[in-house]
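So the structure is just underneath, and the comments pick up after that.
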């Protein structure tokens, strides 16, 4: 079944396995006449790229995106944008040991059950390498929505988290490898991740995302609610286990009289428990949401597991992996959010 | 933009406003040859129906579903099932006072901004009355997946919640108006909701859902992951602010070595932090997820707000509303989950 | 599989069988703020209705459309429009004789093969009664495109056809039961159809359609070409066997130097072999196309056929049928063309 | 708007312009476990390739397809197949003369109107070079349906056509450059095309296609009729003006009593005016249809036209073009037919 497309109006379709020739995609529905800043797109890719700091996987990929179509003399033509990222550092021999083995909490067992076989090298299509293509598409979407600002950051690593009292400085985010907007917390989190890595273990965390300068009227009632599409987009990211927006899981213990966002006369609201979305439609206030990431499944430890023949085997993690996926997930969260908003933005034009 | 359809293969399309002639829909893609138990469908509708207990809205709707097509001599024909539920107790005069007023945390403001007008009576299309149509479709989906068991229940009301030590008895769920699987907690929650109602206030809560006897291989990699579609489905339900599955938001502080679900030789796992889904595909273990509901926005209290002319006005809630949406949301959560699984089930057939 | 929706942005989903409770649909994506003229919609339905003249089926249906939603105080709300047409004169007992028999050139055999059973009464879902719902939706689409003029007419009945010399007067179309724009040809055709009916036989014909005042820029390159969507729409109508547009099948024997439409300096063309569409996109010239209808399969004659048990049986047509489907197909052709153009019109807005 | 995807279940998405870096696509939905014969795919591409004989365009493209994903150890994985064809012989300087000029009957004017600009080199995305990607996808679809036989051939070139008396030998098709199944007619057609080319002119023609060994039950009622999807697919091919199937445009002058296909007791029919499809669903008989191609718009002659500034200009065709598109269209017709049938085949599995 064709399940590799995302979006209705601005549609991203992707292909590729972690250790195949390349990964890439087609971004269809970009309006004509946008002068694309290709350097900005590459910068987003570099934010996601492996090997960028000491707390992420040491796989080395240059991750240069090559555009094939849809851009003429630097400007979008309204026609599909094909793009490709070569896989260069695909040390497939690292993966021979998992050919017949099902790694716990990976997609090995389910892919094999569903498809009768799998490209086991580096996780094949289930690898988070796929998200590089999303980042390319999201970077184009950001330029399509050039006044909207997407800021994701690390809110928690394990139980280390930003508290209410911690100051938040968005300018700090890209200046520390954890991508936390508070330098002190960033240092603690970095040290914690290093400790976890030394143990051959992994840890989860929470990404928070704030979208500001949001146009009104994005999202549709009933089955295309903006927050439902954001939720699907976030749940689509590898290792994500949860999503909430606005007051979220914390809102359940508030009374309605506390939770309701009272209006100012200009239509803005005094509080924003709604998270910028009411009835599924953006109201112009900031959109904010949280995304929960589980600890990475690949450990640099011995683990008991089974193989294709239903035999118990012992495996030891090899390959190059992230001890905590959160820092590199930041640009992915922003990219997926940008794709959702750009889609809603184009759809909304039809009624005005 | 056409945004009133849900599902790809098993597609529900709906229409209707809270105080119009009727609500209803078309369920397209039901396979032929299923002998439908219409009584079971009505029972699901009755579980969602207003006026069923003292802790829910006192609107009285008989909520009888009328089928128009797609069933011949009691058996599905493979052709679309049209259905309709009349709106009978639509006391629209209750709503004249909100014609020009934007109720806080409702869709009034955003609908007006987007569409230039709205059917304000009872919330129009943004009313949760819409979910009755989803329950009809979900009840058909349940019969399509007749071995799969969907059990949703109230896990929290405000900060009252089931604790780890509380016994869980699914047979108790339908025997108390809160739909909590523990009688003691149910009583506390019921008392709490009554107190909140007396204050003219409202409260949120958490629904938990367990799906057992799940077929393997449901869901597709990348953009049709089963949990991403479940997440979208749940975020689609009125008043929902958050979703997580498996270890969810709690999983972020676990180490990978604790979180990984080790295999038994039969492919089942010793723990189920994965929540029954790995790589976006069901592995045959129970699926479990949580859904966070905010407190209902309509209060039986005075509130400051604004009107269409951007003037400050004072409003007092009228009409008939739920002090806590969670008990009536239980069958809606199950219905949407059933639609997602049935869609994935039909899609999966294409590759086998 | 869900296959009962038409259109992407303006999406019609339908349900219903010829002899069920009712037929109807949901038209989703109509922009807000259109004051609908409901009388005009009913007039279109009346043009398609059975029993309107002596050369069409004598089934008597009042065919009154009932709207359920999406219209508030006479104006569209941007939300889905549900509608229903009751089946009143469904003499199902007329059809008992075909319960186990496969009528030649009907869908009886293929539905039974595919679905394992069928609602045989009046053809069930395969009946052209379905097209009444399309006419309702198309009438709304016409009002959405209120400057565009859709004119379909009977061009041929069997080998009787309008010749190059025949004058064409669109005002004549609705004044004769054949819906031919030339009175003399109309009389000949009417007499011919009566003769055919007397023989218990049927005959085919060609409908021509001219769309004028077409906005530029409708249709998209590659897989959403305007003429390809028009072609699919026409091939979707019951009994249609062929479609061409512009120079069509006659254009194959022209040389490029004759066929090319030379430009005037205002961008219009001196000839219109392109049929108003170039590269899949409307150029503002009239769109013209032809639709070929086969003779109706139901005969008022004895025919040899087979039954479910693969036995040869003799059947004699009963029920009430059209000797020539073309006159009643005129409003259906216009309706489907209006749906295609309205969809393209809404889609096109996203890029401007 | 995203309009570069074809198919629902087996979905082809394409990108690329005639003179860009490359063209290519992603074929999503191919079932796992098919051992692909890559050579057969290349053979189909070679059938479509420019420069293959003296009666087609002399552009030289090696047209080697490179697969990027979805095939592991020679076998499909069920995951998307990315592929690319380099543009090597793109003599863009040949096209500088049309930068500001609108060629008659091309997409130049409409693309410029719609998108505000265009990649004019070689027609950009509107070039029939795009169809090379369709041939790749269609060749995979053929292997997915490995018992079904698709045979397209040249039926007419201008007014030269196969007559009822002409013998038809499918083995002859690939042995003459016209791809006509009768050697005598092939020679006449070839001579005629050469004469037309010498005049700097072009000519149209008709392709006929026979599909045999068709599985029963392909296609769905109402809006996914098999012949409607075939019609859309054919109308999608560059230069196509018409489509009919079974009795087609000739069937309109037959009486129902002549046209009805009487059953044999095994469910086959004695005649096949239905063209293998009844009620939109294949009945197992051969599917046959016709496709009408207009004369190519690019002439090697002087033509009057206009430029962007609405000035009259004179242009003379340059570049390398086909005097008659029909011979090279043969594999494209087969490819698109294969994509439609494969999609219907996968969809049909869901109900059995």
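The values are calculated or read from the model by the stated rules, or taken from the named source; none is laboratory data. These numbers were taken from a predicted model, which means no experiment stands behind them. All Cβ positions, glycine included, derive from the backbone under ideal geometry; neighbour counts span all protein chains shown.
Please verify whether residue B:296 is at the interface with another protein chain (Cβ under 9 Å from one of its Cβ atoms), within 22 Å of the chain's Cα centre (by Cα) and buried (at least 24 other Cβ atoms within 10 Å of the Cβ), treating the condition exactly as stated.
On the way: at the interface with another protein chain (Cβ under 9 Å from one of its Cβ atoms): yes; within 22 Å of the chain's Cα centre (by Cα): yes; buried (at least 24 other Cβ atoms within 10 Å of the Cβ): yes.
Criteria met by residue B:296.
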Test: residue B:79 is surrounded by 23 or more Cβ atoms within 10 Å (Cβ to Cβ), at pLDDT 95 or above and at negative phi:
yes
Flag if residue D:219 is buried (at least 23 other Cβ atoms within 10 Å of the Cβ), in contact (Cβ under 8 Å) with a residue 60 or more places away in the chain, farther than 17 Å from residue D:53 by Cβ and more than 18 Å from the chain's Cα centre (by Cα):
yes
Please pick out the residue among D:141, D:137 that is part of a helix (DSSP H, G or I), out of contact with any strand residue (DSSP E or B) (no Cβ under 6 Å at 6 or more places or on another chain) and modelled with pLDDT of 95 or more.
D:141
Suppose the filter is out of contact with any strand residue (DSSP E or B) (no Cβ under 8 Å at 6 or more places or on another chain), more than 22 Å from residue B:132 (Cβ to Cβ) and crowded, with 23+ Cβ neighbours inside 10 Å; does residue B:279 pass it?
yes
Report yes if residue D:217 is within 21 Å of residue D:283 (Cβ to Cβ), part of a loop (DSSP other than H, G, I, E, B) and within 14 Å of chain C (Cβ to nearest Cβ), otherwise no.
yes
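Matching residues to (1) in contact with a helix residue (DSSP H, G or I) (Cβ under 6 Å, 6 or more places away or on another chain); (2) assigned to a helix (DSSP H, G or I); (3) more than 21 Å from residue A:50 (Cα to Cα):
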{"site": "A:111", "(1), (2), (3)": "no, yes, yes"}
{"site": "A:133", "(1), (2), (3)": "no, yes, no"}
{"site": "A:147", "(1), (2), (3)": "no, no, yes"}
{"site": "A:152", "(1), (2), (3)": "yes, no, no"}
Restricting attention to the stretch C:197-213, report how many residues are more than 7 Å from chain D (Cβ to nearest Cβ) and surrounded by fewer than 24 Cβ atoms within 10 Å (Cβ to Cβ).
9
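Rundown of residues vs (1) touching a residue at least 12 places away in the same chain (Cβ under 8 Å); (2) within 12 Å of chain B (Cβ to nearest Cβ), yes/no style:
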site: A:96; (1), (2): no, no
site: A:101; (1), (2): yes, yes
site: A:105; (1), (2): yes, yes
site: A:115; (1), (2): no, yes
site: A:118; (1), (2): no, yes
site: A:124; (1), (2): yes, yes
site: A:127; (1), (2): yes, yes
Please determine whether any residue of the stretch A:186-201 is touching a strand residue (DSSP E or B) at 6+ places or on another chain (Cβ under 6 Å), in contact (Cβ under 8 Å) with a residue 60 or more places away in the chain and closer than 28 Å to residue A:227 by Cβ.
no
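How about the stretch B:32-48: which of its residues are within 15 Å of residue B:139 (Cα to Cα) and either in contact with a strand residue (DSSP E or B) (Cβ under 7 Å, 6 or more places away or on another chain) or surrounded by 22 or more Cβ atoms within 10 Å (Cβ to Cβ) (or both)? Show your work before the answer.
First pass over the stretch B:32-48, keeping only residues within 15 Å of residue B:139 (Cα to Cα): B:34-48.
Scanning the stretch B:32-48 gives B:34, B:35, B:36, B:41, B:42, B:44, B:45, B:48.
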Candidates A:63, A:89, A:94, A:119, filtered to the one that is modelled with pLDDT under 95, more than 29 Å from residue A:30 (Cα to Cα) and in contact with a strand residue (DSSP E or B) (Cβ under 7 Å, 6 or more places away or on another chain)
A:119
Residue C:164 meets each of (1) surrounded by fewer than 17 Cβ atoms within 10 Å (Cβ to Cβ); (2) in a helix (DSSP H, G or I); (3) modelled with pLDDT under 95 with one exception, condition (2)
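How about the stretch B:237-262: which of its residues are surrounded by 24 or more Cβ atoms within 10 Å (Cβ to Cβ), facing another protein chain (nearest Cβ under 7 Å) and on the phi < 0 side of the Ramachandran plot? Write out each step before concluding.
Initially, the stretch B:237-262 is screened for residues surrounded by 24 or more Cβ atoms within 10 Å (Cβ to Cβ), giving B:240-247, B:252, B:256, B:259-260.
Remaining after also requiring facing another protein chain (nearest Cβ under 7 Å): B:241-247, B:252, B:256, B:259-260.
The answer is B:241, B:242, B:243, B:244, B:245, B:247, B:252, B:256, B:259, B:260.
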I need the full set of residues from the stretch B:21-42 which are free of Cβ contacts under 8 Å to residues at least 24 places away in the same chain and either under 19 Å from the mean Cα position of the chain (by Cα) or within 14 Å of chain C (Cβ to nearest Cβ) (or both), in order please.
B:42
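Condition check ((1) at the interface with another protein chain (Cβ under 9 Å from one of its Cβ atoms); (2) buried (at least 24 other Cβ atoms within 10 Å of the Cβ)) across all residues:
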residue	(1), (2)
B:271	no, no
B:285	no, no
B:310	yes, no
B:315	no, no
B:324	no, yes
B:332	no, yes
B:335	no, yes
State all residues of the stretch D:160-185 that are in contact with a strand residue (DSSP E or B) (Cβ under 8 Å, 6 or more places away or on another chain) and under 25 Å from residue D:321 (Cα atoms); if no residue qualifies, say none.
D:161, D:173, D:178, D:179, D:180, D:181, D:185
From B:109, B:72, residue being more than 30 Å from residue B:187 (Cβ to Cβ), within 14 Å of chain A (Cβ to nearest Cβ) and without any contact (Cβ under 8 Å) to a residue 24 or more places away in the chain
B:109
